[in-house]
Every structure is written in C-alpha cells, then in structure tokens.
Amino acid sequence: SFSSSPDMHMLFSTAALLSSGLLLSPARSPAAVAPRARAPTLSIAVFGASGGTGSEAVLQALERGEDVSCLVRDASKLKAPRTAAGFSEGSPFASDKLSVTTGSVTNKADVDAVFASGGVTGVVVALGGKTSDVGPTMLQDGTANIVAACKANGVKRISVVTTIGAGDSMDQAPWAFRLLMMTVMSSIMSDKNAQEAVITSAGADLEYCIVRPGGLKSDPPTGVVTAGKDQDAGAITRADVAAFCLDAVVEPDFQFLRQAVSISSNMGSGFKSVLADKTKSRMASK
C-alpha cells in the first residue's frame, strides 16, 4: 500500500518526535512517544468478481489486507478460486473486509452502489460471460458505468482486462486465434474493442491500464509476469493476471499507467517479472 515502506514509517515517527519535543528534551518520559502510524488500508472494487480472474483479484486483495467491494449477478457464485490466505477452494469468501452487491454492471444504480461507502481507491474490471447470456454490449455499457462512477467518486486508478487481439494488438495474437476472432468470436471482440475505446475516451483522464492477456490458465500463480506494448501473446495464469491488475491500482509507481499492454508469463530463467517486489514474493511463496 501507499505508505507501507520502513522509510516512510521512520519519517512519520521522527516527525512525531520532533513535534512533541522529545528529541530536544531527553528528560521526558518515553511513555509520551506517539504510536507509529499504520499504513492506510486501501479499498478495491472488483467487477466480474465471480469469474476466474475476478475471484483471484478478490482473494489476493483480501490477502494483501485491503478492503474489497464487488458487484456480482449471483452472489452464490462468488467463491475462492483456490485454497490460500485462509480461504478454501470452491467455498464462499468469509471476510468482514468484503462487501458484496448483487446486480448488473449495465445498471448504473447497481454500479454506483459499489462506490456508496465513498472509500474506494482503485478498481479492477474483469468482466466476462457468454454473449448469449450477458448481451452483445455488456462490456462497453458496463465499463461506461464504471468509468462514470470513478469520476463521480474521485477514483483515479483502474485496470481493465480485455484480451490479446483487441485494439491495436491483433498482430500479436497467434494466427489461429486471429481466425477465431474474425469468425466465431467476432461479436465478443467487437464488444471488447468498444470497451477499450470507452477507457481511452471517456476514461482518458483516469490512471488506467488496459490489460491484454494471452491464453488464460487456471494453474497456481507463478509470480512471473512479462508485459509490453509489442510483445507476442503467451499463456498466463489467471492468478498472475489478477496480481498485475492489483499492482496497477495499488502501486504508486506502476510503470504502465495510461497504456494498453500485452501480458504473459514464463517459468524459465532470464525473465524479469514486472510485478512489484512484495507481490512477487507473496506469489512465489504459494
């Protein structure tokens, strides 16, 4: 989180001592020393929380100690994707740091309800579903509602999961996937392209990151994520995608703000992960 480094805590403590006069008056009792300030808890809103990547974002945000609010169509489908952080795979999340709203992302009032507490600091958008179930414009319509809510509530950070092949990344997709995108996936790709356009137009003044993963896997997290504007697509676990999305809305010096990047993962040596050091450490310990 934003103020979690030891150096920042030392500065806060030193400032407290100076203001109280303790550094200038050694005769005063040590009991008068002000307690060290705790790093502020962040509050992450997750849309698409019952899906594979969204549920990972919920799990990992809770694991980081952050508050989480989310919107789902069916609360009974919001379950832990794997056993970690005290949660059991396939079981409902049980945490007093999690707030769940039932509704539709295409309903502005339902989206606004997720922000009702006024404490949201970052947003992860991992929407999905079959076009026959959610409609042909769910991604663009829902994302437009989320962007509007971010603006209305002063929330700047947002990460949005789309796919390799969306926007200007068609050439980075494997040939076979390109063929699918132009045929059986043409409707969903049209919606994903429109979704990205919402972010780069209506959401242009937000600190956004459009995340374009390659083939998604349900394997355990690796803690290794490579990212870049022009890199070829590759397989990546949903857990690693979620970690990248959370870093995008949590890390103050995140390097891919206001960009659309392709991400993948590789277990081999020689690949430097773009995840924050503390995130890599947490993921690698699983």
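The values are calculated or read from the model by the stated rules, or taken from the named source; none is laboratory data. What you see is a predicted model; the values in this text were computed from it and never measured. Every residue, glycine as well, gets a Cβ built from its backbone with ideal geometry; the counts of neighbours run over all protein chains shown. Protein only, heavy atoms only, side chains kept; ligands, DNA and RNA dropped before computing areas. Shrake-Rupley method; radii C 1.70, N 1.55, O 1.52, S 1.80 Å.
Remarks
- Segment 62-112, relative contact order in percent, only Cα pairs under 8 angstrom and at least six apart counted: 41
- Rounded to two decimals, the Cα-based Rg/Rh of segment 89-229, with Kirkwood Rh, is 0.97.
- Inter-label distance for Thr200 and Gln231, nm, one decimal - labels placed 7 Å from Cα along Cα-to-Cβ: 2.0
- Taking 25 °C and 0.890 mPa s as conditions, segment 70-156 diffuses translationally at an estimated 173 µm²/s according to Stokes-Einstein applied to its Kirkwood radius (Cα pairs).
- Accessible area per residue (1.4 Å probe, heavy atoms of protein chains only) ranks Arg282, Arg82 as Arg282, Arg82, with the largest value leading.
- Across segment 150-161, rounded Karplus estimates of 3J(HN,Hα) from the backbone phi angles (6.51 cos²θ - 1.76 cosθ + 1.60, θ = phi - 60°) give 4, 5, 5, 10, x, 8, 9, 8, 8, 10, 10, 8 Hz, Gly and Pro being marked x.
- Pairs from Lys108/Lys156; Lys192/Lys278; Lys79/Lys156 whose Cα-Cα separation, in the structure shown, is over 21 Å: Lys192/Lys278; Lys79/Lys156
- Extension gain, Thr102 to Thr83, is 4.4 nm, computed as 0.36 nm per intervening residue step minus the present C-alpha separation.
- In this simple spin-label model, placing a label point 7 Å from the Cα along the Cα-to-Cβ direction at both Asp168 and Lys130 gives a separation of 3.6 nm.
- Solvent-accessible area, 1.4 Å probe, carbon plus sulfur percent, for segment 85-239: 53
- Three-way shape label, segment 49-112, alpha-carbon gyration tensor, a/c 1.5: prolate
- Shape metrics for segment 76-119, restricted to C-alpha atoms - Rg then Dmax, Å: 12.8, 34
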